[in-house]
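Engineer: Here's a structure for you.
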Amino acid sequence: MAYPNPHYPPQPTTSVPMPAVPTTVIGPQFCAPYPVDLAVVKKVMSIADGNFVVTDVNGNVVFKVKGSLMTLRDRRVLLDAAGHPLVTLRRKMMTAHDRWQAFRGESTDDKDLIFSLKRSSLIQFKTKLDVFLANNTREDICDFKVKGSWFERSCVVYAGESNNIIAQMHKKHTVQSILIGKDHFMVTVYPNIDYAFIVALIVILDEINDDAREE
């Protein structure tokens, strides 16, 4: 796939351990052989033009996220820098463990399912989510796990049930972000890990956190 942005993919950051084999979930073009730092800006008061913008360390837009006006809280679409839909994220209604599903493009057809995500338990003081790829139908063991405190924007993504970190996020406070009503945080994605997949997880995390605040 060709991208018009000359800075695509994002540029390398500091050195961290590199998995031997690329972990592709959404697409191989999103696996870089070096660590990738992404800045995620959540626009607090925005609906029409999407509520997330993801940039590299140089400020080049890598992804955008938009909601559906018909189902504002229950569906999100992850777009590439050119505005092409990559993944549709949909909340699965009437499930106890807050399950979300990710589909290829703008589809919500089961045959286009990429992964699903659910809370590890109903009552949680800290974020703990299990991620299952589409071919993991038994869901005995998760393919990825997210742990941490979303409120503090301090979350870590692990490979399966292991302690192998594949991405981590941390809050970035700036005076400007507070004044203009934006939530700004950084994500470091380890080498050969699909960073579009990591961004999709962050969008779902944010939705789950918003729900928890309203309960």
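Engineer: Considering amide H positions built from the backbone, and no H for Pro or chain starts, which residues 5 or more places from D143, or on another chain, come under 5 Å of its amide H?
Structural biologist: Distant-sequence amide H within range of D143: V131, F132, L133.
Engineer: Shifting gears a bit: Taking the highest mean first, how do the peptides 82-89, 185-192 order by number of other beta carbon atoms within 10 angstrom per residue?
Structural biologist: Ranked from most to least packed, the peptides come out as 185-192, 82-89.
Engineer: Still on this structure: If I stretch the segment between H84 and K171 completely, what's the gain in nm (0.36 nm per residue apart, minus their alpha carbon distance), one decimal?
Structural biologist: Using 0.36 nm per residue and subtracting the Cα-Cα distance, I get 28.5 nm.
Engineer: Net charge near R99, counting Lys/Arg +1 and Asp/Glu -1 over other residues with Cβ under 9 Å of its Cβ?
Structural biologist: Its environment carries a net charge of +3.
Engineer: Next question, about the same structure. Give me the one-decimal nm value for the distance between modelled label points at N164 and K92, 7 Å along each residue's Cα-to-Cβ direction.
Structural biologist: In this crude label model, N164 to K92 measures out at 2.5 nm.
Engineer: At what distance in nm do the modelled label points of K128 and T23 sit from each other, each positioned 7 Å from its Cα along Cα→Cβ?
Structural biologist: Taking the simple label geometry, K128 and T23 are separated by 1.9 nm.
Engineer: With a Förster radius of 30 Å, plug the Cβ-Cβ distance of N135 and N209 into 1/(1 + (r/R0)^6) and report the FRET value to the nearest 0.05.
Structural biologist: Between N135 and N209 the formula returns 0.60.
Each value in this text was obtained by applying a stated rule to the coordinates, not by laboratory testing. All of these numbers come straight from a predicted model, not from anything done at the bench. Backbone-built Cβ (ideal geometry, glycine too); neighbour counts: all protein chains shown.
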